[in-house]
Amino acid sequence: MAKVLVVDDSNSIRDMVCFTLKSAGYQYVEAKDGREGLTKAQAESFDLVISDVNMPNMDGIDLCTELRKLPNFKFTPVLMLTTESSTDMKMRGKAAGATGWLVKPFNPEKLLATIKRVVR
Amino acid sequence: MDIQELVSDVPVQGEHSIEGIDFITSGKQYLTFLLNLEQYAVDILCVEEIRSWEIPTKIPNAPSYIKGVINMRGIIVPIVDLRLKFSIGEATYHETTVVIVLTYQAEDTGRTIGFVVDAVSDVLNVESKDIKNSPAFGGCMQPQYIEGLINVGKNVVTLLNVENLQYVEKHAI
Amino acid sequence: MSVDLSQFIPSFLEESFEGLELMESSLLSLQAGDNETIHSIFRAAHSIKGGAGTFGFDVVTEFTHLVETLLDEMRDGRREVSPKDVEILLASVDCMRLLIEAARDDENYDKDKVAQTTMLLNEALSSGGEKSAGEKISQQSDNTEQSTGKSDTSTFSIHFVPEHNLAKTGNDPLFLFNALADLGQLTTVANTGELPALTDIDVQELYLSWDLTLITGATKDEVHEIFEWVEDDCLLEIKKIDKEPLVNPSDGEKETVSVNEIRAASNIENESNSQEIYPANDNSVVKKQATKTKAKAKVEVSSIRVGVDKVDNLINLVGELVITQSMLSELGSDFNMDKIERLTSGLEQLLQNTKELQESVMRIRMLPISFAFNRFPRLVHDLAIKTGKEIELVIKGEQTELDKTVMEQIGDPLVHLVRNAVDHGIEPAEIRLANGKSAKGTISLDAYHQGGNIVIEISDDGGGINRQKVFAKAVEKGIIEPNATLADNQIFDLLFEPGFSTADQVTDISGRGVGMDVVKRNIQSLGGRIQVESTPGQGSCFKVNLPLTLAILDGQLVKVGTETYIIPLISIVESLQVDKDLINRVSGDMTLYRLRDENVPILPVYQLFGLATEHTEIDNALLVVVEADGQKVGLMVDHLLAQQQVVIKSLKDNYQQVIGISGATILGDGSVAMILDTPGIIQMALAYAQNKQRDMASYKQFAIGEQC
């Protein structure tokens, strides 16, 4: 089953995402901000990265840019978790190489349904 | 009230009596014990444990029927002598004197209190229909402590209300 | 499949309240141009909004969205950070707290306050930034898919030409097609016309395009949504067709492949698909669960966050304990007197382990006092605005640790003392300037450990306590005689008399009916004391001295008759053997003992508690002199035993409060011992003295009457 890196500074959101992933049988690794996420990504490969946008130390956009520079992450899907559904946000994500976005409020069924568009 | 109704409330000896033997029924189980020669019972689910009598630590200026507190696995448990509380017989302490520790769990609070009795006697299975109302006269026990009466053979067992017993010191004096 | 998220509500709430605290403290320290602080405030609001939406706390989401919008403008530099905006944001933080609490308890909130703040936010948004204030929250409706017409199937023809570099965003057409196949019956036709010559192929690029036919119950929007992430990187046409589509063979090479073949061909694990078809789901499921658990959350689960280091330390200690235990049990299985030395050392080790373990467990309950201090910057900020004074708050020692229970109970008294310092301590700016001080007053909060206690100091650099005024007021209130001569500290003690207030007019800041007497009583009920120091013209300092924990106490064991009692060491002045020449019997049965120049009433504990003892002779009795509320009494006991630390157990759990007793403890032999409550005993004695005509029986009546 696919292994997912979950990056979010909010414990509760992170817990929920991980809980949802776990209940669907995915493996996951957690990181509390972009910097930690990048460190973990450098250490091992993942089949999918789900990241919040607004985080201390390194935000989701920068994380995505950095991930795309890693050979292992050239094609890895990166989904941004965001409350901002503005086109501006999406364009910034896209420019950084993000695969797609998940608009909060967070809904577990929807999360599972949408991540199937990028990973099995 | 009609005299006829009154009469029907008074249990007729032997009519619905049940045997005090161990068998599993759909009814509830009650622990019976002796105060002097009288038989009393409490819901067995409330019984935390039965201990032998030990001298408790006194609580200053407490009523005489509050014998003090003991340590039950780290919990401070007050000890109430029911014989003193209800003026039944003499409060003597010897080998068969036991303490029944009862816990009553209300919604958010629970209390654990030990009650001194002369002896523990039996476990009764009783259907709720076999619990009679207590006649509203006689005896030195306030009615709030009595849940009902159970006929066992020729004897009558007084079923006590554990919830009100747990706050026995609140209705003091 | 439904995932129950309600279990995360408590952690969301906890995090939200932390977020609000962070927002508040950051706002109070916010300087113009401090982008990092604005960012962190924004992030806190953002997280709250996200979580609230997930759990269906819509009011919270809506309100927080406005706050976030305002913060966003500041973050992007579209808006200057003005003091007015900070005030609005602070009020917003209060509202968010109200709303979250209301959501947690499933109760109503102060609608007027929220409405007013919403208006202020909207005004601010429409005046300052570019974004329109009335921006709607659209996520809710975005996510709520209409499932009407689900039973009717329709056929879509989809023309999909991805850009060559689509894969670089991590998207893969295969997964998109899989998602489409989950919606219904999918037929794919790949166009390989653009495929370059083998030598020219860049393996990282996509050259194919597809014509797809989907027969599904889903709506066009649902189909379109699948392409949401790629629509800017492809040519996409989705058409609904009425009839069964005809696959037109046309120019170029075309292959018809079923999606299952694609799946098989690409070596992807094929799972049973039955459970993977998710109904279009809106938030209602989660919402329902959220309401269900609200009632549960209402029963307040108090929890503490414990640092991992503390837990690790505990685990280490338990490890050592296990080692000691196995060592002792091995010793016990084959014991003879030769091994007595090893046994002694093993027991010593056990003692050491237990002691350390106890300390560590206690430390878990300890929290830095910053939890109590955190609210003061805001409080002082608000009070300064209200009183028109300029005040700087200095906080020191906020890392000093204190038991959680003590912390919870000391909050209100501290608030009162700080209010008092603002209101009565700091003078108005013009008076300060006239006295050669800076216009800005300073209030400091300091906390530090001293012995087994924590000391909290609340000091101000104001005018100090006016002794004449206090004295005059006390005379006016009939607390003291006009000709009394009092030392400074006795005058200051008057401040804590019930009904005493020196403020010329009662302001709504400190004159709220709760007086300093309540502050003192609260502190005393925690086993602490309060002292005042004050220098005219230079300021005052209130020192609160509290035990670190309410769970453990250092006590002196004493014996009276058959009973053992514990007297808290903190209240003991000294213990002595009575010299009968120093005994004075006054007015009937009151006995005084001359301790240096003080007359200390002797209280025989056996009399007070109605116990039988042989030691009834006062002449060479043992006295333990204790002090509370400035009053000393000599407790007459039979024997002094050891001093030891005891764990306090409440009598209230299974019984009730007993006058003169603060609790009970379990001694080494398993028996219970009562802990004496010194202030309570002194009150008992006073009541006894006042009723000295009556006999002990009527006094007992009093004691019992109080209990009920």
For the stretch C:363-388, how many residues meet the condition of being over 16 Å from C:Leu28 (Cβ atoms), touching an Asp or Glu at 6+ places or on another chain (Cβ under 8 Å) and not β-branched (Val, Ile, Thr)?
5
Does A:Gly100 satisfy being in contact with a helix residue (DSSP H, G or I) (Cβ under 6 Å, 6 or more places away or on another chain) and buried (at least 19 other Cβ atoms within 10 Å of the Cβ)?
no
Within the stretch A:4-20, is even one residue in contact (Cβ under 8 Å) with a residue 60 or more places away in the chain and small (Gly, Ala, Ser)?
no
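Criterion first (facing chain A (nearest Cβ under 10 Å), in a helix (DSSP H, G or I) and touching an Asp or Glu at 6+ places or on another chain (Cβ under 8 Å)) does C:Gly19 satisfy it?
Against the criterion (facing chain A (nearest Cβ under 10 Å), in a helix (DSSP H, G or I) and touching an Asp or Glu at 6+ places or on another chain (Cβ under 8 Å)), C:Gly19 does not qualify.
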Top-ranked residue of the stretch C:1-41 - restricted to ones that are in contact with a Ser or Thr (Cβ under 6 Å, 6 or more places away or on another chain) and of a type in the set (Val, Ile, Thr), ranked as nearest to C:Asp105 (Cα to Cα):
C:Ile9
When the stretch C:68-83 is examined, which residues are found to be of a type in the set (Lys, Arg) and assigned to a loop (DSSP other than H, G, I, E, B)?
C:Arg78, C:Arg79
Any idea which residue in the stretch C:204-219 is farthest from the chain's Cα centre (by Cα), counting only those that are within 14 Å of another protein chain (Cβ to nearest Cβ) and either buried (at least 20 other Cβ atoms within 10 Å of the Cβ) or not in a loop (DSSP other than H, G, I, E, B) (or both)?
C:Leu206
Within the stretch C:556-567, residues closer than 15 Å to C:Val625 by Cα and either among the β-branched types (Val, Ile, Thr) or not assigned by TED's automatic domain parsing to the domain that holds C:Met636 (or both) come out as C:Val558, C:Ile566, C:Ile567
Can you pull out the residues in the stretch A:17-35 that are of a type outside the set (Gly, Ala, Ser) and closer than 12 Å to A:Asp52 by Cβ?
A:Val17, A:Glu30, A:Lys32, A:Asp33
Selection from the stretch C:638-659 of residues within 23 Å of C:Gln683 (Cα to Cα) and touching an Asp or Glu at 6+ places or on another chain (Cβ under 6 Å) yields C:Ile659
Can you pull out every residue in the stretch C:307-346 that is in contact with a Lys or Arg (Cβ under 9 Å, 6 or more places away or on another chain) and at pLDDT below 85?
C:Lys310
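Matching residues to (1) surrounded by 15 or more Cβ atoms within 10 Å (Cβ to Cβ); (2) within 14 Å of chain B (Cβ to nearest Cβ); (3) over 44 Å from the mean Cα position of the chain (by Cα):
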{"site": "C:Thr591", "(1), (2), (3)": "yes, no, yes"}
{"site": "C:Leu595", "(1), (2), (3)": "yes, no, yes"}
{"site": "C:Leu608", "(1), (2), (3)": "yes, yes, no"}
{"site": "C:Asp619", "(1), (2), (3)": "no, no, yes"}
{"site": "C:Glu627", "(1), (2), (3)": "yes, no, no"}
{"site": "C:Asp638", "(1), (2), (3)": "yes, no, yes"}
{"site": "C:Gln645", "(1), (2), (3)": "no, no, no"}
{"site": "C:Leu651", "(1), (2), (3)": "yes, yes, no"}
Among the helices (runs of 4 or more DSSP H) lying completely within the stretch C:301-379, list those that include at least 3 residues that are touching a Ser or Thr at 6+ places or on another chain (Cβ under 7 Å) and within 25 Å of C:Ile648 (Cα to Cα).
C:308-333, C:340-364
Which residues, taken from the stretch A:103-118, are at pLDDT below 80 and either of a type in the set (A, V, I, L, M, F, W, C) or in a strand (DSSP E or B) (or both)?
A:Val103, A:Phe106
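Residue-wise test of (1) of a type in the set (Gly, Ala, Ser); (2) part of a helix (DSSP H, G or I); (3) at the interface with chain A (Cβ under 9 Å from one of its Cβ atoms).
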{"residue": "C:Ser26", "(1), (2), (3)": "yes, yes, no"}
{"residue": "C:Ile38", "(1), (2), (3)": "no, yes, no"}
{"residue": "C:Ser47", "(1), (2), (3)": "yes, yes, yes"}
{"residue": "C:Ala52", "(1), (2), (3)": "yes, yes, yes"}
{"residue": "C:Leu66", "(1), (2), (3)": "no, yes, no"}
{"residue": "C:Asp85", "(1), (2), (3)": "no, yes, no"}
{"residue": "C:Asp94", "(1), (2), (3)": "no, yes, no"}
Being of a type outside the set (A, V, I, L, M, F, W, C) and farther than 19 Å from C:Asp172 by Cα is the requirement here; does A:Thr87 meet it?
yes
Out of everything in the stretch C:395-454 that is aliphatic (A, V, I, L, M) and not in a helix (DSSP H, G or I), what residue ends up being surrounded by the fewest Cβ atoms within 10 Å (Cβ to Cβ)?
C:Ala439
Do you know which residues across the stretch B:76-96 are out of contact with any helix residue (DSSP H, G or I) (no Cβ under 6 Å at 6 or more places or on another chain), more than 7 Å from every other protein chain (Cβ to nearest Cβ) and of a type in the set (A, V, I, L, M)?
B:Ile79, B:Val80, B:Leu82, B:Leu84, B:Ile88
Return only the number of the condition from (1) modelled with pLDDT of 80 or more; (2) within 17 Å of C:Ile100 (Cα to Cα); (3) more than 8 Å from chain A (Cβ to nearest Cβ) that C:Met74 does not satisfy.
(2)
Determine, yes or no, whether C:Gly660 is within 7 Å of another protein chain (Cβ to nearest Cβ), within 30 Å of C:Asp493 (Cβ to Cβ) and surrounded by 18 or more Cβ atoms within 10 Å (Cβ to Cβ).
yes
Residues of the stretch B:45-99 being over 26 Å from B:Val126 (Cβ atoms), of a type in the set (Val, Ile, Thr) and surrounded by 19 or more Cβ atoms within 10 Å (Cβ to Cβ), in sequence order, are B:Thr57, B:Ile59, B:Ile66, B:Val69, B:Ile70, B:Ile76, B:Val77, B:Ile79
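Condition check ((1) free of Cβ contacts under 8 Å to residues at least 24 places away in the same chain; (2) not β-branched (Val, Ile, Thr)) across all residues:
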| site | (1), (2) |
| --- | --- |
| C:Gly50 | yes, yes |
| C:Thr54 | no, no |
| C:Phe57 | no, yes |
| C:Ile88 | no, no |
| C:Ser92 | no, yes |
| C:Cys95 | no, yes |
| C:Asp105 | no, yes |
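The values are calculated or read from the model by the stated rules, or taken from the named source; none is laboratory data. No experiment lies behind these values; they were computed from the predicted model shown. No Cβ is skipped: glycine too gets one built from the backbone with ideal geometry, and neighbour counts run over all protein chains shown.
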